[in-house]
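What follows is calculated from the coordinates using simple rules that are stated; it is not laboratory data. In this text, all values refer to a predicted model and were calculated from it rather than measured experimentally. All Cβ positions, glycine included, derive from the backbone under ideal geometry; neighbour counts span all protein chains shown.
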Amino acid sequence: MATSVEYIAFVCDQINEVGDIRSKKMFGEYMIYVNDKPILLVCNSTVYVKCLDCISEQMKDAETDSPYTGAKVHYILDIENKDLSKEVILALEKVIPIPKPKKKKVR
């Protein structure tokens with residue numbers, strides 16, 4: 001089941017205090033950017049974050065799963081827990097870089 005626009009609006013509203021938030025639809029699902037950094041992956045109305053050391057303590061009790069076939073295992077973030085979500089996102093925002101712009105192909 002694909003993620004709805006309404007669910008993305010809910011996710012963005014839950015984290016609106018952490019910085020500049022935007023979402024981008026990708027392959028039928030969504031990436032949530034915080035300050036231009038890809039922080040949250042939302043697939044099938046489930047919010048995923050990368051399994052990184054900087055959040056291992058906060059996410060020690062979280063479930064893990066792959067957001068899609070072939071993907072690495074991610075933590076599942078309880079987006080309804082605003083305090084946890086804010087803490088995790090702020091920690092990730094410190095270590096995740098802004099993606100480099102893609103070079104245009106010359107034909």
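If you project the alpha carbons of the stretch 12-57 onto their three principal axes, what span does each projection cover, largest first, in Å?
For the stretch 12-57, the Cα spread along each principal axis is 31, 22, 17 Å.
Which of the GluC sites (Glu not before Pro) across the stretch 1-49 are loop residues per DSSP, with 12 or fewer other Cβ within 10 Å?
On the way: sites: 6, 17, 29; in loops: 17.
When the GluC sites (Glu not before Pro) of the stretch 1-49 are filtered for loop state and at most 12 Cβ neighbours within 10 Å, 17 remain.
Just add up the charged neighbours of residue 73: K/R +1, D/E -1, any other residue whose Cβ is under 14 Å from the Cβ of residue 73.
Working: positive: 50, 72; negative: 63, 65.
Every neighbour counted, the sum reads 0.
Calculate I(q)/I(0) for the chain by the Debye formula, one identical point scatterer on each C-alpha and no solvent, and give its log10 at q = 0.15, 0.21, 0.22 Å⁻¹ to two decimals.
Result of the Debye calculation: -0.61, -1.18, -1.29.
Relative to the longest principal Cα axis of the chain, at what angle does helix 5-14 sit, 0 to 90 degrees, rounded to 10?
Long axis of 5-14 versus the principal axis of the chain: about 60 degrees.
Using only Cα atoms and rounding to the nearest 10 degrees, what angle (0 to 90) does helix 82-95 make with the longest principal axis of the chain?
The helix 82-95 is inclined about 50 degrees to the chain.
Suppose each label sits 7 Å from its Cα in the direction of the beta carbon; what would the residue 25-residue 57 distance come out to in nanometres?
If labels sit at residue 25 and residue 57, their model points lie 4.1 nm apart.
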